[in-house]
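Notes follow once the structure below has been shown.
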């Protein structure tokens with residue numbers, strides 16, 4: 001099979017397409033014929049090996065062993081291990097795994113869900129990582145309740161575009177979406193009640209206060225984020241958002257946690273870090289929202305498997321409205 005392999009840290013061009021043996025699923029794994037994969041910032045960081053802290057995690061390279069990159073996946077089940085239930089050969093699925101930039105990949109069934117009817121593979125392939133991040137940030141970490149107000153910083157990107165829609169689906173009474181120049185119509189179409197161009201409007205300078213703030217962009221002063229919170233509100237910091245070579249913004253998140261301790265006990269203003277995972281139950285919830293027409297996976301552009309380096313370059317340039325999909329196998 002063809003796969004995009006990674007052997008040395010560096011710019012996206014260090015990735016190359018190679019011929020590898022087709023993987024064999026273990027007893028608790030599913031073999032997927034990949035039709036499409038998604039691109040997210042985590043793939044860029046893993047390729048570059050930045051921040052350096054990442055090189056101590058399971059995403060690190062190991063001497064003498066090439067890795068296949070990619071996490072988001074959508075495709076057709078080719079085979080299942082003896083211990084797998086709930087998924088059968090021929091099923092169409094989406095979810096996450098390690099190594100989706102390939103024609104075949106093995107995945108764990110607890111990180112997969114069936115494709116909603118009518119959803120194509122390219123759109124399904126961008127759901128798992130960003131969709132679960134948005135859902136867990138709002139529902140679990142932010143504890144969003146019906147009628148509350150939400151501020152999404154970085155609303156036109158992958159996580160942000162899901163967050164705007166998920167917030168409305170969870171019953172948010174008001175969603176303000178902060179985005180780049182020319183992206184206001186896009187985020188309004190996602191369901192935002194208000195769209196702000198970050199080059200012209202600063203949420204901290206306005207009177208509105210929010211119960212939940214999703215800080216995806218990661219560049220605003222923490223004191224400014226605290227100022228836009230309603231009493232008892234929560235800032236959820238999604239991703240590092242900065243280019244620090246050692247910690248990649250983790251120090252900023254730790255400062256946010258420290259600032260939470262200064263918020264008072266009666267009606268605190270909280271900062272919370274998010275480490276999201278992809279779980280079958282959450283994927284099914286997202287699939288139900290898609291099937292009901294309440295969530296549309298946002299695909300900005302599609303690239304081929306051989307063009308993964310160009311896709312990562314385009315992601316890094318910013319300004320996308322949604323996510324990038326890698327089309328591995330054209331649909332019949």
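Things to note:
- Förster-model FRET efficiency, 45 Å R0, residue 53 and residue 331, C-beta, rounded to 0.05: 0.70
- Calculated mean residue ellipticity, 222 nm, the chain: -6500 deg cm²/dmol, from DSSP H runs (n ≥ 4) at -39500 (n - 2.57) each, averaged per residue and rounded to 500.
- Look at the Cα gyration tensor of region 54-146: its axes a ≥ b ≥ c give a/c of at least 1.5 with a/b at or below b/c, and that counts as oblate.
- Contact order relative to length of the chain, as percent, for alpha carbon pairs under 8 angstrom and 6 or more apart: 21
- C-alpha long axis of helix 158-169 to longest principal axis of the chain, angle in °: 60
- Between helix 250-260 and the chain: long-axis angle, C-alpha atoms, 0 to 90°, nearest 10: 40
Each reported figure results from applying straightforward, stated rules to the coordinates on display, with no laboratory input. Remember, it's a predicted structure, so these values are computed and weren't measured experimentally. Please note: Cβ atoms are built from the backbone with ideal geometry, for glycine as well, and neighbour counts cover all protein chains shown.
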